[in-house]
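Any read-out appearing in this document is the output of simple, stated calculations on the displayed coordinates, not a laboratory observation. Note that the structure is a prediction, hence the values are computed from the model and not measured. In this analysis, Cβ positions are derived from the backbone assuming ideal geometry, glycine residues included, and neighbour counts consider all displayed protein chains.
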Amino acid sequence: MKQVPGPGSFDTAAPSIPELNRLLGDIAENRSRAAFAELFGHFAPRIKGFIMRSGASEELAEEIVQETMVTVWTKAAQFDAARAGASTWIFTIARNKRIDILRRVSRPEPDPEDPMFQPDPPMSGEEFTQSREDQVRVRAALEHLPPEQVEIVRLSFFDSLTHSEIAERLSLPLGTVKSRLRLSFRKIRSALGDER
Amino acid sequence: MMIRHHPNEATLLSHASGGLPTALSAIVATHLAVCPTCRARTAEAEAIGGALLSAVEPVEVGAGALDRALAAIDTDMPEVPSEAADAGMHNPDLPRPLGAMLPADLDSLRWWPVGPGIRQARVGTGETTVRLLRIAPGRAVPQHSHGGHEMTLIVSGSYTDEIGRFMPGDVADLDPEVTHQPVSDADTDCICVIATDAPLEFTGWVPRLMQSLVRI
């Protein structure tokens, strides 16, 4: 299994995080097709690569790319750079599309319009400036995880395996799978400065 | 709503990754609707997905992929849900998505007894199937552990077990080795919703419960 690639030649050519945020803003506010094309050029091959890591067919990966990017266009106004990085936001859309297509059910999500929904407490200025750094920190933390933890995180994200499926795949007790996932998540959260 | 019991971090991570079975994700999402702390944690887990996406080796898309996307955004089609919501199923007193899976009047569900003072009902279809357990005041669910990944969300009333008191919005997300015996608190029926990662086998649950009752 490949390690998380570091910043390679491809990445240095890639748009910076503020640039990606700007493109999404341009789509939301100006319905800019040029911005969409640029964003597509960056994310479409990555979404395809991400989906194909699970052994999915090229055809399925292309379908998810299309559905994800069209949703990026329709929902661009919902993107909030203060809360999530562009690639995190687009990951969640691709994840949901994969679930919609493969399981034929809508992914259950909380609904902020629901009267029962408990809104977030107001964000502090510190949190606001931190969110754009998160992606870099998470990536660094992933690179420092022990291999057995990285493996399990990858099986969860790339392959969408359940705890039981990971246990079966790796011939591990379910409790071990859960504790490795918990440990890796704790390390990543502490890299984000969240020690709660 | 004062939330005291949360899904564990491995569960939130899998909810974020897309690796949680749909019924379990429905329970997590319902808890997230009332728990800003777990929403923040889930957002951190989603950032792992974002980091993996930005670092993954890109695979070139087919010729014409961009043109197809540009043609699609021209029509700007509104999103069509892949599964129509169950007509008539909406309970305004419960947070969504669970509220959208249940009728306003829970008494209208088909409840059947599974033990003294304990009734059960099944809601949802296919992958989103969950079961509801309704425990009369002061009644105990026989001591049990959980085979696979099983999660319980309190809908109304409350129960107390070896871990603590569970109130509406609280989630019991127990490790497989944990054995517990929930006892419904004395004031009112405790209704909770249970999801597992295994296909729901009522013939497995009922005898297990009956078996434990016979032992008592």
Between exposed GluC sites (Glu not before Pro) in chain A, where DSSP calls loop and at most 10 other Cβ atoms lie within 10 Å, what's the longest gap? A:1-112
In deg cm²/dmol, rounded to the nearest 500, the helical mean residue ellipticity at 222 nm of the protein assembly as shown, built from -39500 (n - 2.57) for every DSSP H run of length 4 or more, is -15500 deg cm²/dmol
Residues other than residue B:134 with Cβ under 14 Å of its Cβ, Lys/Arg counted +1 and Asp/Glu -1, net out at +1
Distance from region A:25-76 to region A:155-180 (C-alpha centre basis), Å: 28
For region B:9-16, what does the Karplus curve 6.51 cos²θ - 1.76 cosθ + 1.60, with θ = phi - 60°, yield as ³J(HN,Hα) per residue in whole Hz, taken in order and with x for Gly and Pro? 5, 5, 6, 5, 4, 5, 4, 5
Taking the number of other C-beta atoms within 10 Å as the exposure measure, put A:75, A:97 in order starting with the fewest. A:75, A:97
With no solvent and one equal point scatterer placed on each C-alpha of chain A, evaluate the Debye formula and give log10 I(q)/I(0) for q = 0.12, 0.14, 0.16 Å⁻¹, two decimals. -0.71, -1.00, -1.32
Checking rank on B:123-136, B:8-21, with mean other Cβ inside 10 Å and highest first, the result is B:8-21, B:123-136
Working from the alpha-carbon coordinates of the protein assembly as shown, get Rg over Rh, Rh being the Kirkwood radius. 0.98
Scanning the protein assembly as shown, every Cys lacking a C-beta partner under 4.7 angstrom -> B:190, B:192
